[in-house]
1. Run the accessible area of the chain with a 1.4 Å probe and give the carbon-and-sulfur part as a rounded percent.
2. Please report the orientation-averaged projected area of the range 169-218, defined via the convex hull of its C-alpha atoms, in nm².
3. How large is the Kirkwood hydrodynamic radius of the range 233-273, in angstrom, based on all distinct alpha carbon pairs?
4. Restricting to lysines 8 or more places apart or on different chains, can you count the pairs in the chain with Cα atoms under 25 Å from each other?
5. If you place +1 on the Cβ of every Lys and Arg and -1 on the Cβ of every Asp and Glu, how big does the dipole about the Cα centre of the range 295-343 come out, in debye to the nearest 20?
6. List the pair-distance distribution P(r) of the range 15-105, using every Cα-Cα distance, as the percent of pairs falling in each 5 Å bin from 0 up to the bin containing the longest distance, rounded to whole percents.
7. Would you work out the charge dipole size for the range 114-174 about its Cα centre, treating the Cβ of every Lys and Arg as +1 and the Cβ of every Asp and Glu as -1, and quote it to the nearest 20 debye?
8. Considering only protein heavy atoms, with the full assembly of protein chains and a 1.4 angstrom probe, order His262, His173, His115 by accessible area, largest first.
Amino acid sequence: MNASHPHDGLSPQPAIGAAGMDDPDRARVLLWQMIRIRRFEEKCAELYSAGKIRGFLHLYIGEEAIASGAMPTLAERDNVLATYREHGHALARGVPAGAIMAEMYGKQEGCSRGHGGSMHLFDVARRFIGGSAIVGGSLPLAVGYALADRLAGRDSVTACFFGDGAVAEGEFHESANLAALWQLPVLFLCENNYYAMGTALDRAQSQTDLAAKATSYHMPSESVDGMDVVAVARVTEAAVEYVRSGQGPMFLEYQTYRFRAHSMFDPEQYRDKAEVEQWKQRCPVETFARDAVACGLLAHSVRDEIEREVAEEIDTAVAFAEAGTWEPEEALCGDVYARQPPTGTEARP
């Protein structure tokens, strides 16, 4: 089954062009981040096949432009919530690669102490509230964080990443309604890869214009080419400014495509190989690297430099995970229940 999407039959589009990027340093960072996410994910797939990583594993390959372009537009004080396909988000937010890889291994040195694994990366110091294994599960949490910031008078934005499948869930509609009704500082960021888990968008939702659904809740919405890192950065930066200004929530739809199966368990029998290959022609890493060199923004040698830097970082991360320690059996029941406050005191929110 083929998904109906706006890029059918289109040739690869320029990743810079009209967006007008002219900063070599920023261009290098964007390319570095996308290559970093791509190589990290490829290494995770390799380690999963070797039995080093277990459980579910959802790869971000093909969607790197979104996390790489959107995350730098957020401030350190902002909250970030993600999905179970969140390795790229965590890396782009600044969670160390070693802490993420150790979490993949289930080691105590992982960012969630080895308790979360691939789908539950968490880093409170970086306001990375984490991934969620529940489709749409982060949406009501995002509304709660935004409400807390509003009540506390904090100048923070809550950015919530989710997939197209989550838009069909009740949590999306409830969250969008409350965020718009109370004019909360929530930035809804939908990564639309057109298949949710394994069902094409046009077979699951009668209204395939996802931005229109958000507009029905009286919030501004916009669709952007999620394969173009510069377009992602430009549109998201404007959206963050809008939400931070106190005008209420906003919805962005990133039109993208995952090059790999939904998860490592997915036999992927629901989409044509020709369609996948067509989308690979719009690979965000390759198109941006090509156009940056073609317009003189980056030298040919920059790509090789980045590849070496990334390879060294990933090797170090794997070594860190391999050297990590397993949690002792007597600690396995820890963090199951919330700690009770001392008698006569109140728990802090």
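1. Accessible surface attributable to carbon and sulfur in the chain totals 53 percent.
2. 3.6
3. By the Kirkwood definition, the hydrodynamic radius is 13.4 Å.
4. Qualifying lysine pairs in the chain: 5.
5. 280
6. Percent of pairs per bin, in order: 2, 13, 23, 24, 17, 11, 6, 3, 1.
7. Around 280 debye, computed over the range 114-174.
8. The residues order as His115, His173, His262, largest area first.
The values are calculated or read from the model by the stated rules, or taken from the named source; none is laboratory data. Keep in mind it's a predicted model, so treat the numbers as computed, not measured. A quick note on method: Cβ atoms are made from the backbone with ideal geometry, for glycine too, and the neighbour counts reach across all protein chains shown. Only protein heavy atoms, including side chains, enter the accessible area calculation; ligands, DNA and RNA are left aside. Shrake-Rupley method; radii C 1.70, N 1.55, O 1.52, S 1.80 Å.
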